[in-house]
Structures are given as structure tokens and as C-alpha cells.
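Here is the structure we will look at.
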Amino acid sequence: MIHYCYNCGAELNENQLNCPKCGHCCILDELNLNQKFEESNKDGSNEVVNTVNGVLTAQQIEKNTQWTKYRTGPCGRSGHGFAAEDANALNDVLQGKDVDLSGRDNSKYGPDRIVDGQKIQTKYCKTAQASVNAGFDPNTGMYAYEDQILEVPSDQYDDCVQYMRDKIAEGKVPGHTDPNDASKIIKKGDVTYLQAKNIAKAGNIDSLLFDAKTQTITALSAFGISFAINLGMLILFHSKNKDDIKTSMKSAFLIGLENGTIAMSSGILTSQLLRTQFGRNFAAAMQWGAKESVDYVYQFDAGKELIHKLVKTLFNRNFYGGAAKNAATKFLRTNVIGNVVLVVVVSVPDAYHCLRNEMSVPQFVENMVVSGTSIAAGTLGAFLGSALGPAGMIGGGLACGVGFAWTSKRIARYIRKDDTEKMYQLIRVALLWLSHDYMIQNEEEFNKCINAITNEGAIDSSFIRAMYSIGKDGDNDLLRVQIAYEKLEYFFGAVIRQRKTVCLLKNQKLLLDCINELGEELKKTENNLKEMDLD
């Protein structure tokens, strides 16, 4: 049986209630109940935090690693020397030590890093002898790193100490004459030579563990931001009394864990990607675009000041001129790559549901567009907010990300109603049928049913996806309504069981007395009418 949409006139098959063209529900239209759907998306704050995840990831990668040099190192073709510097420095940071990475400017005979005031030079070569010899001037044969200790692979430590003892005995280490001082000059690194080589490559346990440690900082930041934002939103919009604060904190904590996991996984994938040839080619392409943008902005005084403050916020150091532009370009390049990976990561659940026919392809594309727009806007907001420091960067990223996400959602919804909205319309139809079948008598009783459904969380994202999937074949909206009807029927039954009951058997005499009184009253009324007719 063919019927029609009351809104646009499109033909609908006998099982369709939602119009595939305009999204209106014909039953709700017929009853003049097709009000605008307002989505109460508790999880929407996830997109808010995702807008700054890309910024945090790019900052950690650029600030704490030298990934661009992992394949160009002087001690080996794989650049594992730089990877060793990064790994050992990260372990110092995680141990709570004060680490200064200013030595990464690669000045001749300058330290690679300064830890708790101690200057450290890292040398990771194939053999212990080569690692020690790398610390000596090839022309004079003297130790080249005065006042610095030499960090070597952990598996070469004992041999390196012996080689340094020999160097001291030969008088090639200024300020030291006792060979026993070798253990004071040689520092045991936190990783082996092989581990350093693996860290410089993608797709192995050592590099994955290193990236996981590096992105722990990002994950903790994302968790903290998410927890604070979600707790505020839950208290402001969902809590109705002070007792709900515990529930709100639990929910905020779980959502924070989810966002922290997203931040860590996207950061690890970004770092791994940048170690591959494809990732390096992609980075080179992105760097060209980033450089053009930075050069253009740097022409203006306001843009120049903004870039200086951005770099200061990111690296806690003052850069000017070409150095500032170079640092900003590298950050933007890495940020773009991180954002692309982040969009892929946050889209994985949607892709899974789409493949299982629990989400439509247009809905999947819409979600990706909204996520991509909000994350890209977050980068722009962070860039503009960097003038106010770290807090301004995060605040700007959140503000722009939320604004663009809200706008893109509204534009997408104007073009087509999303799957969730369509399913909610069918749930409203099921509620109408339940109200009729259970003879709900007033608004108060109906509200009790709705409150029971809400308190039990009967309508959640899993149920919405199940509704969509069950009726996907032939777009069977009647089947979807039936599923919603059966799911929610229990709550209506529970409410009507609370109605007051009248026990007729126990009150039989009272009932008979009432009937007799009514009979007497009818007789009196009949007699009065007869007397009036006689008159």
C-alpha cells in the first residue's frame, strides 16, 4: 500500500513512516506532532576535547622527539643516535628529573641535554670502542666534551668503562688522571644499541613502547581537559541535586579515559606514520603548504607577533625571524598529519557500525565531515589563542572547535536528518501507541513513564543502532516502531500497576446500596415528571 508524505508529497511504501526525502514522520505530521528534534548528546563533549588532541599530539612530537633526523644520523644510516637521545631524555622526564633539551641545537661539542644540572653527551655506535671514540676529537685525540658525561648503550656500558679507563691512563681526558674515574664519565643509557635502532623505525615493539611513553603526556592532558569539561557539563545540565555529583564524576571520569585513549592511540599512530617513507612524503607535502601559510602571515606585524608567541608557548623558548618561522612551520605540518590520523581514529567506531549496517553511509560521511571540520577549526583556534599562552591555546582550540562543530552539524542536519533523529521520531510513534494501548490518562502519568525510561537508560546509542539495523532491509519503519514498542512496553506496564484499585467483592454491600439509592432517585424523578404533566 502506497501512502504519501504530508510535508513534501513523496511516495512512501507501506512500511515507511519516515520520508526518505525530507525526513518527516507521516504519523507525527498527521497528528501535528512532528516537532523539531533536539538531540541531547551527552557524549558531544568528546568532539570538544578532540579539537585540541591534534594540537597536543603535534606539540609533544615536535618538542620531545627528533623524528626528522632518525634516518640521517652520523653514527649510523638509521639515525638511531637521535632516537637514543630522545628515548633517554624521555626516561629522565618520566622519572621526574629536570631535563633541559636546549642542547638539541647541535652546536659543536655542546651537550645533547642537561639533566639536574649535569651536561650529557649521547653516543650510540655499533661497538663499545666506537661509542667511546666518538667522544674524542679525531684531530687531537683528546676528550672533546669537557664537563660532560658520555652516555652509551646499556649493553655496551661495561666495555665502554674499560675503554675510558684506557683513555684516562693515556692522558687523553683533561682533568682526570685516575682510571677509576671512568665510571664517573661514562653513563649507562636506558636503552640498548638495538633498541635505539628499533626506535628509529616503525612497526616494532621498541618504537611502539617509546611512542606510548611519549604520548602519555598528551593522554594525561586530554584526560584532564575532558574530565573538567564533562564534569562541568554534567553538573550544569544533568544533575538535579547534590547527590548526583558522584554519578557525574564517574561519568566524567569514564569519558575522560575514552578521550585519553583516543589521544594516545592517535599520537602513537602519527609517530609511527612519520617513520615510514609514505609518512615522510606526506610530511614534505604538508610542510610546503604550512611554509607558504607561515610566510604569508609573517609579512604582517600582527602575524609576526602571533607566530613568535605561538613558538614561545609551544617550546618555552624565544625564537625570532627564520627560526620562528621554521618552528611554526614544523608544528603546523605535524599538526595537520596528527589531525588526519585523529579523524581516522575517531571514525573507527562509526566505520565498524557502518559495516555492520548499524549506520547509514551518508551518516558515516556526515560524522567524518563534522569531526574533520571541528578538529581543523581547533587548530586554527589554538593558533590564534597562542598569544595568551598555553591556556589561551587550549581555550581558543576549544572555542573554534565547538563553534565549527555546531555549525557544521546544523548545516548537515538542514541538508538531511541524521539516523538518530529519524529513530527518535519512530520512538515517539511507539510512545503514542503505548499511551493509547495502556490508556494513559493524563500528562502526569505519561511523565512517569518517560522518567522511568530515562532513569533506566533504556534509549541509548546501542538501541538506536539496533533499531536502524533491524529495519534496514526495505527501510521498514513499522518493524523499528515495533521494536521500540516492545522495548518500552515494560515501563508503561510498571506505571499503570501503580494506579489505585477498587475491590468490588469486598465492597459489594456498599455497591448495592448505591444502586438502590440511584433507583430511588430515579423513581422520584419519574414521579415529579408525571405530576408536572398532570398540571
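The values are calculated or read from the model by the stated rules, or taken from the named source; none is laboratory data. No experiment lies behind these values; they were computed from the predicted model shown. Neighbour counts run over all protein chains shown; Cβ positions are idealised from the backbone, glycine included. We work out accessible area using only protein heavy atoms, side chains counted, and drop any ligands, DNA or RNA first. Shrake-Rupley method; radii C 1.70, N 1.55, O 1.52, S 1.80 Å.
Of the residues making up region 148-190, just one is acidic (D, E) and in contact with a Pro (Cβ under 9 Å, 6 or more places away or on another chain), namely D166.
Restricted to region 82-123, and to residues there that are of a type in the set (A, V, I, L, M) and not in a strand (DSSP E or B), the residue that is most open to solvent (accessible area, probe 1.4 Å) is L94. Of all the listed residues (R317, R333), the sole one being of a type in the set (K, R) and either at pLDDT 80 or above or farther than 21 Å from N64 by Cβ (or both) is R333. Counting the residues of region 277-327 that are at positive phi and either outside any helix (DSSP H, G or I) or in contact with a strand residue (DSSP E or B) (Cβ under 6 Å, 6 or more places away or on another chain) (or both) gives 1. Evaluate region 15-36: report whether one residue or more is more than 36 Å from the chain's Cα centre (by Cα), in a loop (DSSP other than H, G, I, E, B), at positive phi and modelled with pLDDT under 70. Checked region 15-36: at least one residue is more than 36 Å from the chain's Cα centre (by Cα), in a loop (DSSP other than H, G, I, E, B), at positive phi and modelled with pLDDT under 70. Only one entry in Y124, Y163 is farther than 22 Å from L274 by Cβ and either touching a residue at least 24 places away in the same chain (Cβ under 8 Å) or touching a Cys at 6+ places or on another chain (Cβ under 6 Å) (or both), namely Y163. Would you be able to say whether some residue in region 260-269 is without any contact (Cβ under 8 Å) to a residue 24 or more places away in the chain, surrounded by fewer than 17 Cβ atoms within 10 Å (Cβ to Cβ) and out of contact with any Cys (no Cβ under 7 Å at 6 or more places or on another chain)? No.
Elements of the type helices (runs of 4 or more DSSP H) sitting completely within region 147-243 and holding at least 3 residues that are of a type in the set (D, E, K, R) and surrounded by fewer than 21 Cβ atoms within 10 Å (Cβ to Cβ): these cover 157-169.
Number of residues in region 462-475 that are open to solvent by 40 Å² or more (accessible area, probe 1.4 Å) and free of Cβ contacts under 8 Å to residues at least 40 places away in the same chain: the value is 3.
The lone criterion from (1) hydrophobic (A, V, I, L, M, F, W, C); (2) modelled with pLDDT of 75 or more; (3) open to solvent by 20 Å² or more (accessible area, probe 1.4 Å); (4) touching a Lys or Arg at 6+ places or on another chain (Cβ under 9 Å) left unmet by A387 is number (2). Taken over region 345-379, the criterion of being open to solvent by 30 Å² or more (accessible area, probe 1.4 Å), of a type outside the set (F, W, Y) and free of Cβ contacts under 8 Å to residues at least 24 places away in the same chain is satisfied by V348, P349, D350, A351, L355, V361, V365, N367.
Which of the residues belonging to region 43-65 are open to solvent by 10 Å² or more (accessible area, probe 1.4 Å) and either at pLDDT 75 or above or on the phi > 0 side of the Ramachandran plot (or both)? Hits for region 43-65 are L56, Q59, Q60, E62, K63, N64, T65. Here P74 fulfils each of the conditions (1) surrounded by fewer than 20 Cβ atoms within 10 Å (Cβ to Cβ); (2) modelled with pLDDT of 75 or more; (3) closer than 28 Å to L194 by Cβ apart from (2).
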